[in-house]
Amino acid sequence: MNEKINVLKKEIKAKLETIHSVKELNELKVEYLGKKGPIVALSGMMKELPVDEKKTFGALLNSFKNDVNTWFEEAKNELEEKELNEKLAKEKIDITLDSTSLPVGGKHPIQMVIDDVCDLFISMGYDVVEGPEIEQDLYNFEKLNLPKGHPARDSQDSFYITEEMLLRTQTSPVQARTMEANKEKSPIRMICPGKTYRRDNDDATHSHQFHQIEGLVVDENISIADLKGTLEILAKTMFGEDRTVRFRPSFFPFTEPSLEVDVSCFKCGGKGCSLCKGTGWIEILGSGMVHPNVLRECGYDPEKYTGFAFGMGPERIAMLKYGINDIRHFYTNDMRFISNFNRKEGGSTDESK
Amino acid sequence: MKVSKSFLSDYVDIQDINYHDLAEKMVFAGNEYESIEAICDAKNLVVGEILECKKHPESKKLSICKVDLGLEEPVQILCGAPNVGQAKKVIVAKVGAVLSGIEIKKAKLAGMESNGMICSLAELGLDSKYVTEEDKKGIHILPDDAPVGMDAVKYLGYDDETIDFELTANRADLMSVLGMAYEVGAIYNKSVTEPEIEVHEIDGNIEESMKLDVETNACSIYLGKLVKNVVIKESPDFIKTRLMASGIRPINNVVDISNYVMLEYGQPLHFFDADRLGNHVIVRNAKKDETMTTLDGNERVLKENDIVIANEKEAVCLAGVMGGLNTEVELDTKNIFIEAAIFNPLNIRYTAKTILRSEASSRYEKGIDPNRTKKAITRACMLLEKYASGEVLQGMLVHDEANHEDKKIEISLDKINQVLGMNLTKEDVKDVFSRLQFAVEEKENIFVVTVPTRRLDITIKEDLIEEVGRIYGYEHVVGRMPSSTVRKGGYSKKGSDLKCIRERMQSLGLNQVITYSLLSEEESNWFGGDEKESIILASPMSEDRKVMRKSLVPSLINVYQYNRARGIKDVQIYETGSIYYKEDNQYIEKPVLTGLVSGTYLTNSWQGIRVNVDFYTVKGIVENLLQYFGLKGRYHFEVEETMSDMHPGRTANIIVDRTKVGYLGQVHPKRNKQEIYVFEINLEALMTIKTRGIKFKELNKYPTVKKDVAFIVKQTVTSEEIKKVIMKAGGRLLTNVSVFDVYVGENVQPDEKSIAYSLEFQDMTRTLNDEEVTQVFNHIIEKVETTLDAKLRDK
């Protein structure tokens, strides 16, 4: 009997070698392990054995059966893997072929600047505030220490609708409105981005419609040092960690003292290059301490409160950051221009490194 | 304001200071500059003496000159100027000199050697407005005492450097060289020397022969002096070159003196021919439509806001702006009446704006120091005495209602330090005021600062803080953060909704654009704009930008057409912006979202995948947004056939609950030839719809049963109608209905269509059995058939 098992063992092993598909394997399995197969026949022969041999042979046959099952299992796994590999090999594609072009949208570059600035100031506790674009002369000029006939109105040639209504020439009226609505109730920290309009002929550096972002902080004991610290963070966020700012005294009717703000050139790091015209510095915004007349007009006691304000042009910042040389691109919306901006920004804009 | 170094040096000692350094220091005191230039920056020019001059044998024009340049040997120079024969001392450009970018080389002219060039003033690069008619004819002839061999540019004073300052609107005081001297003095801690004003008056008093009447309150000071027997000739060189360096053309000694004194003090003067003026000077407002001819020969029509100087007969001067032709100082003028006055800045500003701007008006508009008027008129008398042989009469016509008092402003050290955020000492602050030549008294912890009248811009303590900041230097400010209570910042609801909408649009493949708010009147009336009252500019710059837009669609179509003209067909864009109109006399601004899509939305050509934009693409974009706003199940679309700028068969209104929030569809071919689709959504309406918060619904564990059905209906029956019936009949167990096929053609009548739906049934609590699904399914079929006159399509 043992001999029979050995013969069978050899026979099965040899046959398994010749099998090439799961189907053939299954047929072979039925042939040997099926009800009419030789292994079942062997167990049938067992009852003819004497009792003492029965036990030994039973154990032997059982272990043989288990072995055969295992061989079939292994062979099946091997074959399946082989078949899968063959299938995968057939499925090979040319991965260099063109991809499916999915529609991709992006932000307008001016929006990118506005969002970056707003996000920064929100993180410093500022509210983003909006105001009307069609504004009263009162808020656009008069409450900002620019009475009728003031010479500084000349630099802001305006689109009037009636004698009292105009398209705002700056976002500063939003400051006046915010102060007036708040009236000393609580400290103010706000930033207001938005569209503004002036009677300029459109060319590479002028646009009758443009944007401004202005910031305002009013509280007790606000100083120029606070303004400088705040703008240093702005400069680093927008133009790179190594940036520094400097103040140049200037004049704006709504601030006293007034300061122009330069940021160290992000292209050359301050050594002097074509972008900064050799000076190492780039003018980016105007700022100052809120004029006491403005505070008073808007319901704040200038003896008790001080504040700083600053304003910048997102177009100018975008032009500097992204190397755009014509302001009209922003409003023409050539898709070849716009599509430059449908990605996130990389690390730093600091080209000096 | 152009400031010459030599001019400035007369009043503050800056000879040894590099003028470029000075300009930089001025920037950090608040005074920007445009450029630094010399009148002439040519090198290698010397004074030469023509020793011999004879005609060239072979050339009619050329002369051969032997010229002494102060070297060992005279050199031979050929010259073609017609006046070379009369010249003795001339300007010679030596070999190697560069004139207007051209290098002077040794040359041979008509066979003769030439070692340099005898120059005209134009060849020196001088602005042609400074070159006299006489000088335009040929070479420039120097005086006989010009030292041979000396640097000619230096000799002429043309090496004087000029800084062209761009002054801020508040600094009226800096429109004078003297004001600049005080500013520079403060920066460098140097004292200022005021101009000399000593006059030797002759017998006779102006008051005996002349009378002044000021009949307007727009003139606070009017002073008049009489100078007799002036001799009109060329000005001395220093006056001429300083005027040139200041950008003013020298004319003759008398006119030049009036300009010179204006530059010195910032006080405009006017010189009248006293004999033509007459003996009665009247300052008054112009009469309506009064006319006068100004110095430039133009007749001006005046209004009551203009101020004039008049005699008894007529207006003779447009006050503060320009003199009249009828009393102009001319070559035969003998006696001069000098006016030094201060007029109301607002009146001058009005006249300057409506009639003409001048050096004088630009100073008057900003304001004049009342304590300089008398000094300036005296200085002018002195210079006329000295350089025009004038005889100054005693006395002065005087009208003076001005306040001549210096202002006193109180400020504490604490306030200065609080605003600047610095820790200055009393001494630091006192040093700044002393540099500015402001007197300071200390009363307890308060500085009482006396601000001279020349600084009209300083009126409040904040102005003094600025003075301390800019003179002490803002570079000493150390940045810090505002220390007020920590608070939360953020967007408004509208702001954050807009941000989310923009992100959603971008994720759907649309690019943000920003376009102009102003449109032409015609465009502004498109896409429903004509239903709203326009906001129109009073004085637009062009017809194209005249009306505030009432829809963003025309702007986006413009963007499409711009791109299309450049071969870009796939334009998928959106804008969030405002529309503007008037309603019940109110100016309304409402936020809208507008999109435009065209061309191919999704493509892979080699695989034959190409999704062209159509109505349903745009509808998908809009639905995606509405669902993002939590409005699933609350919105639907209604046919819109009345918008004249939209395709009548491919336009829908977007309805949420019962309110129209916008529309979408294909643009009418009359507005755009190509097939493009747009949508516009009133964001105010969308943002104010209340929706429930997000709440997780337990997942359904039980299987879904799917069943398909197709109906044949009349073409006019919409999918929406059928769906509504199905939903209603399906009840609670029907969880989803979607169209999977729409068919017209064979086996369907021409006025009919076949529309096939896939239905899904499910229950939250158990597995459905076939029987109950079939029962509901049959009910649905029956309802659709009876309600919509539909037929079940044969399978």
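The values are calculated or read from the model by the stated rules, or taken from the named source; none is laboratory data. This one's a predicted model, so the numbers in the text were calculated from it and none came from an experiment. Note that each Cβ is placed from the backbone with ideal geometry, even for glycine, and that neighbours are counted across all protein chains shown.
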Exercise for review: Just need a number here: residues in the stretch B:42-95 that are touching an Asp or Glu at 6+ places or on another chain (Cβ under 8 Å) and not in a strand (DSSP E or B).
Suggested key: 2
**Study point:** From B:S484, B:S492, B:S496, residue being surrounded by 14 or more Cβ atoms within 10 Å (Cβ to Cβ) and modelled with pLDDT under 95
**Key:** B:S484
Revision key, fill the gap. Those residues of the stretch B:468-504 that are in contact (Cβ under 8 Å) with a residue 24 or more places away in the chain, among the charged types (D, E, K, R), outside any loop (DSSP other than H, G, I, E, B) and at the interface with another protein chain (Cβ under 9 Å from one of its Cβ atoms) come to a total of 4
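I need the strands (runs of 3 or more DSSP E) fully contained in the stretch B:253-298, keeping only those with at least 1 residues that are touching a Lys or Arg at 6+ places or on another chain (Cβ under 8 Å).
Those strands (runs of 3 or more DSSP E) span B:280-285, B:291-293.
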**Study point:** Subset of the stretch B:299-327 (residues that are under 37 Å from the mean Cα position of the chain (by Cα) and in a loop (DSSP other than H, G, I, E, B))
**Key:** B:L302, B:K303, B:E304, B:N305, B:D306, B:A319, B:G320, B:V321
Review point. Residues of the stretch B:538-556 being away from chain A (no Cβ under 12 Å) and not in a loop (DSSP other than H, G, I, E, B), which ones?
Key: B:V553, B:P554
Practice item. Check B:I458 against each of (1) exposed (fewer than 15 other Cβ atoms within 10 Å of the Cβ); (2) more than 8 Å from chain A (Cβ to nearest Cβ); (3) more than 23 Å from A:P193 (Cα to Cα) and name the one condition it does not meet. Key: (1)
Check your understanding: Only one of these conditions is not met by B:L420: (1) within 14 Å of chain A (Cβ to nearest Cβ); (2) surrounded by fewer than 21 Cβ atoms within 10 Å (Cβ to Cβ). Which number is it?
Key -> (2)
Exercise for review: Answer yes if at least one residue in the stretch B:373-395 is out of contact with any Asp or Glu (no Cβ under 8 Å at 6 or more places or on another chain), farther than 29 Å from B:A274 by Cα and either surrounded by fewer than 20 Cβ atoms within 10 Å (Cβ to Cβ) or assigned by TED's automatic domain parsing to the domain that holds B:V231 (or both), and no otherwise.
Suggested key: no
Review point. Within the stretch A:333-346, is even one residue in contact with a Ser or Thr (Cβ under 9 Å, 6 or more places away or on another chain), assigned by TED's automatic domain parsing to the domain that holds A:T205 and either at pLDDT 95 or above or outside any helix (DSSP H, G or I) (or both)?
Key: yes
Exercise for review: Could you check B:G101 against (1) loosely packed, with under 14 Cβ neighbours inside 10 Å; (2) on the phi < 0 side of the Ramachandran plot; (3) not assigned by TED's automatic domain parsing to the domain that holds B:V184 and say which number it fails?
Suggested key: (2)
Practice item. Collect the residues in the stretch B:1-41 that are assigned to a helix (DSSP H, G or I) and more than 14 Å from chain A (Cβ to nearest Cβ), keeping them in residue-number order. Key: B:K5, B:S6, B:F7, B:L8, B:S9, B:Y19, B:D21, B:L22
Review point. Inside the stretch B:345-430, counting only helices (runs of 4 or more DSSP H) that do not spill past its ends, which hold 2 or more residues that are within 30 Å of B:S209 (Cβ to Cβ)?
Key: B:345-354, B:359-366, B:373-387
Point to revise | Residue tally, condition more than 60 Å from the chain's Cα centre (by Cα), among the hydrophobic types (A, V, I, L, M, F, W, C) and surrounded by 11 or more Cβ atoms within 10 Å (Cβ to Cβ), over the stretch A:1-29 | key: 6
Study note, to complete from the structure: Note on A:P302: of the conditions (1) within 10 Å of chain B (Cβ to nearest Cβ); (2) in a strand (DSSP E or B), unmet is (2)
Exercise for review: Consider B:G630 carefully, then state whether it is part of a loop (DSSP other than H, G, I, E, B), small (G, A, S) and more than 21 Å from B:L683 (Cα to Cα).
Suggested key: no
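One residue is enough: does the stretch A:72-88 have a residue meeting the conditions small (G, A, S), over 27 Å from the mean Cα position of the chain (by Cα), within 24 Å of A:E180 (Cα to Cα) and modelled with pLDDT of 90 or more? Write out each step before concluding.
Step one: filter the stretch A:72-88 for residues small (G, A, S), giving A:75.
Okay, now just the ones that are also over 27 Å from the mean Cα position of the chain (by Cα), so A:75.
So of that shortlist, the ones also within 24 Å of A:E180 (Cα to Cα) come out as none.
So far as the stretch A:72-88 goes, no, none of its residues is small (G, A, S), over 27 Å from the mean Cα position of the chain (by Cα), within 24 Å of A:E180 (Cα to Cα) and modelled with pLDDT of 90 or more.
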Exercise for review: Confirm whether B:V148 is over 30 Å from B:R349 (Cα atoms), β-branched (V, I, T) and more than 35 Å from the chain's Cα centre (by Cα).
Suggested key: yes
Practice item. Looking only at the stretch A:149-163, decide whether some residue is within 8 Å of chain B (Cβ to nearest Cβ), surrounded by fewer than 20 Cβ atoms within 10 Å (Cβ to Cβ) and of a type in the set (K, R). Key: no
Point to revise | Those residues of the stretch A:96-111 which are in contact (Cβ under 8 Å) with a residue 40 or more places away in the chain and either more than 7 Å from chain B (Cβ to nearest Cβ) or touching a Cys at 6+ places or on another chain (Cβ under 9 Å) (or both), in sequence order | key: A:P109
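Per-residue answers, yes or no, for (1) of a type outside the set (G, A, S); (2) touching a helix residue (DSSP H, G or I) at 6+ places or on another chain (Cβ under 7 Å); (3) without any contact (Cβ under 8 Å) to a residue 12 or more places away in the chain:
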position: A:A152; (1), (2), (3): no, no, no
position: A:T162; (1), (2), (3): yes, no, yes
position: A:R177; (1), (2), (3): yes, yes, no
position: A:E180; (1), (2), (3): yes, no, no
position: A:S186; (1), (2), (3): no, no, yes
Point to revise | Which listed residue, of B:I535, B:I514, is over 30 Å from A:D119 (Cα atoms), buried (at least 18 other Cβ atoms within 10 Å of the Cβ), within 9 Å of chain A (Cβ to nearest Cβ) and modelled with pLDDT of 95 or more | key: B:I535
Review point. Do we have B:D173 as charged (D, E, K, R) and assigned by TED's automatic domain parsing to the domain that holds B:V92 here?
Key: no
Check your understanding: Residue check: is B:T354 in contact (Cβ under 8 Å) with a residue 60 or more places away in the chain and more than 21 Å from B:L456 (Cα to Cα)?
Key -> no
Review point. What single numbered condition from (1) of a type in the set (S, T, N, Q); (2) free of Cβ contacts under 8 Å to residues at least 40 places away in the same chain; (3) not in a helix (DSSP H, G or I) fails to hold for A:T70?
Key: (3)
